[in-house]
Amino acid sequence: MVNSASVIKDIKNYADIENVPIINDKSLEHIKYLIKKYQIKNILEIGTAIGYSAIEMALVDSDINITTIERDEKRYLEAIKNIKKLNLEKRINLIYNDALNVQLGDKFDMIFIDAAKAQNIKFFEKFEKNLNDRGIIITDNIKFHGLVDSQDIKSKNLKSLVRKIRDYITYLKENSNYETEFIDIGDGLAISYKK
């Protein structure tokens, strides 16, 4: 029997050493709570990185299946290794591609957006057709290390990125097809419930 706790610890250490951004513990706990509460079985994740969040979500319940998309080859290959270590390859389907180039026919109870922040609106609009009725879309890093509330950003690139995240927040607030709540844990989560 594989010791999942030690594998997960190794994944977190690797993320730390290699500077791979992975989901904050508090945000992850909240997402796992929602998966249980709404009995979510099929999840689409945009932004696999090294597979940490997909593995954690899959371990909530043995009925959960996840499709996850990653465009960075090194991270994708690392994710494959991590998923195999826990024998989850039958339940976690990895796609190596830019999410904006991926066409999916499947339906999901939950979509988790945790990829290039500047593309959040595009990801939301592209994949919402894959969301089941009453499904939820969760977006991570809505506060972007506190910068979304900051007026004092020097870097031009960072300013542009923060503006895009703010535009996304406005987009969610004004999207009448969803009821979105913004949760101030971790780096900020937006949870959009399909009406």
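Values in this text are rule-based calculations from the coordinates and carry no lab data. Computed from a predicted model, the values in this text were never measured in an experiment. In this analysis, Cβ positions are derived from the backbone assuming ideal geometry, glycine residues included, and neighbour counts consider all displayed protein chains.
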Item to check | Charge tally in the Cβ shell below 12 Å around Lys173, where Lys, Arg are +1 and Asp, Glu are -1, Lys173 excluded | outcome: -3
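Please compute the net charge surrounding Asn141, taking Lys and Arg as +1 and Asp and Glu as -1 over other residues with Cβ under 10 Å from its Cβ.
With Lys, Arg at +1 and Asp, Glu at -1, the net is -1.
Can you give the FRET efficiency to the nearest 0.05 for Val7 and Tyr193, using r as the Cβ-Cβ distance and R₀ = 30 Å?
Working: r = 33 Å, r/R0 = 1.09.
So the FRET efficiency works out to roughly 0.35.
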Next on the checklist: Could you list Leu158, Leu34 so that the one with the fewest beta carbons within 10 Å of its beta carbon is first and the one with the most is last?
Outcome noted: Leu158, Leu34
Checklist entry - To the nearest 20 debye, what is the magnitude of the charge dipole of the chain about its Cα centre, counting +1 on the Cβ of each Lys and Arg and -1 on the Cβ of each Asp and Glu? => result 220 debye
Checklist entry - Restricting the count to DSSP beta bridges whose residues both fall in the chain, what percent are antiparallel, rounded to a multiple of 5? => result 35 percent
Checklist outcome for this item: Among Gln39, Val7, Phe108, the residue whose Cα sits farthest towards the positive end of the charge dipole of the chain, when +1 is placed on the Cβ of each Lys and Arg and -1 on the Cβ of each Asp and Glu, is Phe108
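If you average the sequence gap of Cα pairs under 8 Å that are 6 or more apart and divide by the length of the range 24-118, what percent do you get for the contact order?
After rounding, I find 35 percent.
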Next on the checklist: If I stretch the segment between Asp152 and Ile121 completely, what's the gain in nm (0.36 nm per residue apart, minus their alpha carbon distance), one decimal?
Outcome noted: 8.7 nm
Checklist entry - Once the mean 1/r over all distinct Cα pairs of the range 1-73 is inverted, what Kirkwood radius in angstroms do you read off? => result 13.0 Å
Checklist outcome for this item: One finds, for Arg163 and Leu100 with R0 = 35 angstrom and r their Cβ-Cβ distance, a FRET efficiency to the nearest 0.05 of 0.95
Checklist entry - Using the Cα atoms of the range 34-146 to build a convex hull, what is its mean projected area in square nanometres? => result 7.1 nm²
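Scale the Cα Rg of the chain by the rule-of-thumb value 2.2 N^0.38 Å and send over the ratio, two decimals.
Compactness ratio reported: 0.99.
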Item to check | Spin-label pair Tyr33/Lys90, simplified geometry with 7 Å Cα→Cβ offset, distance in nm | outcome: 3.2 nm
Checklist entry - DSSP H helices in the chain with Cα extent of 15 Å or more along the helix axis and mean Kyte-Doolittle hydropathy at least -1.0? => result 4-18, 25-37, 156-174
